[in-house]
1. Given 4 °C and 1.567 mPa s, how large is the Stokes-Einstein diffusion coefficient of the range 336-487 in µm²/s, with Rh as the Kirkwood radius over Cα pairs?
2. Where the centre of each part is set by its Cα atoms, how far does the range 213-289 sit from the range 290-318, in angstrom?
3. Quick one: helix 349-360 against the long Cα principal axis of the chain, what's the angle to the nearest 10°, folded into 0 to 90?
4. With only alpha-carbon atoms counted, please give the Rg and Dmax of the range 314-405, in Å.
5. Which of 52, 370, 27 sits closest to the plus end of the dipole of the chain, meaning its Cα is farthest towards the positive end, when Lys and Arg get +1 and Asp and Glu get -1 on the C-beta?
6. Applying a 10 Å radius around every beta-carbon, put 126-139, 153-166 in order of their mean neighbour count, most first.
7. Please give the length that would be gained between residue 256 and residue 71 if that part of the chain were fully extended, namely 0.36 nm times their separation in residues minus their C-alpha to C-alpha distance (nm, one decimal).
8. Assuming R0 = 25 Å, can you tell me the calculated FRET efficiency for the pair residue 478 and residue 269, based on Cβ-Cβ distance, to the nearest 0.05?
Amino acid sequence: MKLEKLLNGFEYEIIGNKDVDITTLVYDSRKVEEGSLFVCMVGAAFNAHDFIDQVIEKCAHAIVISQDVPLKEGMTYIRVKDTRIALALLSCAYFNYPSKELKVVGITGTKGKTSSSLMIKSILEHAGKKVGIIGTNGTFIGDIHEPTANTTPESYELQRIMRKMVEHDCEYCVMEVSSQALKMNRVAGIEFDYGVFTNISPDHIGPNEHKDFAEYMACKKHLFDFCQVGLFNKDDEHFEEFTKDVPCKILTYSIEKDSDLKAEHIELYNGELGINFDTKGLINASFKASMPGKFNAYNALVAIMICYLIDVPTKDIQNTLTQVHVLGRGQVMHVSPDYSVLIDYAHNGVSFESIISTVEQYNPNKLIVVYGSGGKRSKTRRYESGEVVAKHGGYSILTADNPRGEKIVDICKDIVVGIDKYHGEYTIIPDRKEAIYHALDMACKGDVVLLLGKGHETYMIGEDEVTRHFSETEVLEEYKKERGLNA
């Protein structure tokens, strides 16, 4: 590809010859080869401008810079204001603008991104559409799964993944868009057909993230500069500020206020711990969602609204919502008809409070909670988690959750500090499989067993810091087989 073709669409100053051939677009100096176009990225702990000599030695054909560097005769330099934006726009061109060939849905917010995106994917696939998804649980293109290091990958990876979706005949791309990705300009150049704002509360504020809540919110809001249509949660306290001066068309959803799509008559039902509700506005219909808690009505409204706008028949939306289970996020597992089992990714006090409060709405006989806390992480998480479970009267079974070189028993003793504050009951079983078996064996009719912390993860980082395979869904299937249960 000619360098000149890649440079369409953004401002730059060129030093050298732009009529050169480019073989690869690279932002990692270790991957440079003869003919590469290298983009000098600047991070909190690195500056790729420092590696230009090595890049030139490897015979790169051109280098994108944003800082003054010694210029070598015969090398082509492209000077830009921001190399991250440049990488995003260059990647669009390098992969031939895949977002133009897809209907792209971007979802941002503090909570609900994963659940909403997977609901949308499930409904579209049930309606016979091919869908790709990018988010916390990785990338999914049909049956192909790729893990991702970030909720929203680097811009080059995003464009590569979307091109792969096009090659696999996907019509739709559903993407979780993190505030960090928006801050780092990873989605620049992507044409979003629909953007979704779920909610916002203080999160990801601190060194190397966001300096304050105002910046966090501004980054989230930036998504709607790239969208044609924006869907906004009208019940969120920051709704007015979030929708002020956004350039896209605004549609709203809610369960409390009049909006374009409102959920009413929300009822909880036991057994599968799901919800029933009616909608009025764009769609007047009744829905049943097999996910726990009133808050999932918001996630369901997002999925219903997006799929309605894409012209999915209401019947298909209704049928699919009854079957949707989001991996590791309030995921209801069928083990026994007598008690309920949920898997959730909750791993701090706030998320523990959220899932336990949700389950309490169903009036369980007893709450049995299997959990631990990550090694080499804040001890405050440990105290808070134990405190929340005990405060709600739950029975704690303390166990491993990625101890990362720490002793599991020592981590559990820290959790007990929080449990003791409310005189809670607990037992310590370091092996997580044994802990789960113990919880299920002691569960009685009407009880709820919560498996918290691992969620969608399929690994355990042990006391020896070795990563091994571990899947809670597989453990539950083994338990059912060994106990002769056919729930």
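1. 85
2. 11
3. The angle comes out near 50 degrees.
4. Rg and Dmax of the range 314-405, Cα atoms, are 15.2, 51 Å.
5. 370
6. On the way: 126-139: 20.0, 153-166: 22.5.
Sorting 126-139, 153-166 by mean packing, highest first, produces 153-166, 126-139.
7. Length gained between residue 256 and residue 71: 60.5 nm.
8. Taking R0 as 25 Å, the efficiency between residue 478 and residue 269 is 0.30.
The values are calculated or read from the model by the stated rules, or taken from the named source; none is laboratory data. Computed from a predicted structure; not experimentally measured. Cβ: placed from backbone, ideal geometry, glycine included. Neighbour counts: every protein chain shown. Surface areas here come from the heavy atoms of the whole protein model, side chains and all, with no ligands, DNA or RNA. Shrake-Rupley method; radii C 1.70, N 1.55, O 1.52, S 1.80 Å.
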